[in-house]
Amino acid sequence: MTEIDARGLLCPLPVLRLRKTLMSRRKGDIVLLIATDRMAAVDVPHFCTGAGHRLLSVTEGENGEYRFQVECGTQPV
């Protein structure tokens, strides 16, 4: 599993890093995004839906970290 540390980055950077990583992965690969920006909780699900990826889980830690597990779906054209 690939891990992206986007802690401390503000929107839209966490989603842009996720997008860049997913572009280099194969369908079915799993990516873990860790972010502290609250907007990521809105942006990541919308991105996954629009780009054809599958959001497997979202967890929020006590320290304000959000962890998104994303399965790579369709490849961008």
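The values are calculated or read from the model by the stated rules, or taken from the named source; none is laboratory data. In this text, all values refer to a predicted model and were calculated from it rather than measured experimentally. Positions of Cβ are backbone-derived with ideal geometry, glycine not excepted, and every protein chain shown enters the neighbour counts.
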Segment 56-70, residues that are touching a residue at least 24 places away in the same chain (Cβ under 8 Å) and closer than 17 Å to Glu3 by Cα: Leu56, Glu65, Tyr66, Arg67, Phe68, Gln69, Val70
Scan of segment 10-39 for residues that are touching a helix residue (DSSP H, G or I) at 6+ places or on another chain (Cβ under 7 Å) and closer than 17 Å to Gly64 by Cβ, ordered by number: Cys11, Pro14, Leu33, Ala35, Asp37
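Let's see how each residue does on (1) outside any loop (DSSP other than H, G, I, E, B); (2) at pLDDT below 95; (3) out of contact with any Lys or Arg (no Cβ under 9 Å at 6 or more places or on another chain):
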position	(1), (2), (3)
Glu3	yes, no, yes
Arg19	yes, no, yes
Leu22	yes, no, yes
Gly28	no, no, yes
Leu32	yes, no, no
Pro45	yes, no, yes
Ser57	yes, no, no
Phe68	yes, no, yes
Residue list for segment 15-35, filter: buried (at least 16 other Cβ atoms within 10 Å of the Cβ) and under 12 Å from the mean Cα position of the chain (by Cα): Val15, Arg17, Leu18, Thr21, Leu22, Val31, Leu32, Leu33, Ile34, Ala35
Subset of segment 44-72 [surrounded by 15 or more Cβ atoms within 10 Å (Cβ to Cβ) and over 14 Å from Leu32 (Cα atoms)]: Phe47, Ala51
Close pairs (8 angstrom Cβ cut-off, 6 or more residues apart or separate chains): over 16 Å from Gly8 (Cβ atoms) in segment 28-55, part of a loop (DSSP other than H, G, I, E, B) and β-branched (Val, Ile, Thr) anywhere: Ala51/Thr74; Gly52/Thr74; His53/Thr74
